[in-house]
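> Below are the structure tokens for one structure; questions will follow.
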Amino acid sequence: MKILVTGANGQLGRELRDILEARQSGITTYVDLDELDITDRAATEAFLRSGEFTHIINCAAYTAVDRAEEEKLQCASVNIDGITNLARPADELGIKIVHISTDYVFDGRTYRPYTESDKVNPVSQYGTTKRKGETALLGLAPESVIIRTGWLYSPHGKNFVKTILRLSSTESSLRVVCDQVGTPTYARDLAQAIATIIFARQWTPGIINFSNEGVCSWYDFAVAIQRIAGITGCPIRPCHSADYPTPAQRPFYSVLDKSRFRATYSTPIPHWEESLVHCINRILK
């Protein structure tokens, strides 16, 4: 087994490095934009042909949801063309792909947890390109695994948890939307799930959902962050999305049904609050 992780310096890539090396050291190559630009078709194909890889974990993505509304070509280049550039040679070479997608492929108008077979209807450029990337990958490399996740956070990079911790120390109060509901996902738990898929006895291609268990709004999430971190003196007030307009529309409800993951891999999934405690303890240390 020889694994390639793209986007290795991002939140998920950095957690994967710890998880994979602990699982089986020395079999994984970690690359980011400086080492491999997946939007460069020729370079990507040459890299894959020379690497003798058995698996690719693609964490490379354009994830700036609001900026994507302006930078549509850049977003599409990474989230669609980049996936195509990986998929074509990978399928020819027999390389299995695990690709990370998003809950933003849904419009959030179905107020029950989304299954993998539910109809998609993205409402942003980011969600649209991620969906087109899914379609391209399954068309070119049908043995791939696509993991839909959402609300990702970790001790690394920029994310909601670190933003709330930072603003709570500089602002007198905060306003956070209470009418967008989903499930926070600890990147370390997602990395563990990916390792479970990679090292499973049986390879099961297709789309599969993974997030932590439980449901909350962004407001609930922010309140929990302050409570767990022991922060006082900066009250958080709920507001509606209409009071906090953003360039990109977001789904109001994007909870994912994890039944398929639990049934396929017989692996328990931690509740989001339990994982949030672990992450904040790491950050505060």
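> Enter the angle in degrees (range 0 to 90, nearest 10) between the Cα long axis of helix 11-23 and the first principal axis of the Cα atoms of the chain, meaning the one along which they spread out most.
60
> Still on this structure, I have one more. Indicate the gyration tensor shape class of the range 1-87 (rounded, prolate or oblate), computed on the Cα atoms with a ≥ b ≥ c the square roots of the eigenvalues: a/c under 1.5 is rounded; otherwise a/b larger than b/c is prolate and the rest oblate.
oblate
> Also, quick follow-up: How charged is the neighbourhood of F53? Take every other residue with its Cβ under 10 Å from the Cβ of F53, and add Lys/Arg as +1 and Asp/Glu as -1.
It works out to a net charge of +2.
> Counting only DSSP beta bridges with both residues in the chain, what percent are antiparallel, rounded to the nearest 5?
5
> In addition: Net charge near G10: determine it from the other residues with C-beta under 12 Å of the C-beta of G10, scoring Lys and Arg +1 and Asp and Glu -1.
+1
> Something else: Per 10 Å bin, what is the whole-percent P(r) computed from every C-alpha pair distance within the range 37-78?
Each 10 Å bin holds this share of Cα pairs: 25, 43, 24, 8.
> Another one. Check cross-link reach from K96 to the lysines: straight Cα distance under 23 Å, and skip same-chain residues fewer than eight apart.
K2, K130, K132, K258
> Given a 1.4 angstrom probe, what's the average accessible area per residue across the range 121-177, in square angstrom?
40
> If R237, R201 are ordered by their accessible area, calculated over protein heavy atoms with a 1.4 Å probe, which sequence runs from highest to lowest?
Largest accessible area first, the residues go R201, R237.
> Could you tell me the accessible area of E92 in Å² (1.4 Å probe, neighbours in place), rounded to the nearest ten?
130
> State the percentage of accessible surface on the chain attributable to carbon and sulfur atoms; use a 1.4 Å probe and exclude ligands, DNA and RNA.
Of all accessible area on the chain, carbon and sulfur atoms account for 48 percent.
The values are calculated or read from the model by the stated rules, or taken from the named source; none is laboratory data. Bear in mind the structure is a predicted one, so any value in this text is a computation, not a measurement. Note that each Cβ is placed from the backbone with ideal geometry, even for glycine, and that neighbours are counted across all protein chains shown. Surface areas here come from the heavy atoms of the whole protein model, side chains and all, with no ligands, DNA or RNA. Shrake-Rupley method; radii C 1.70, N 1.55, O 1.52, S 1.80 Å.
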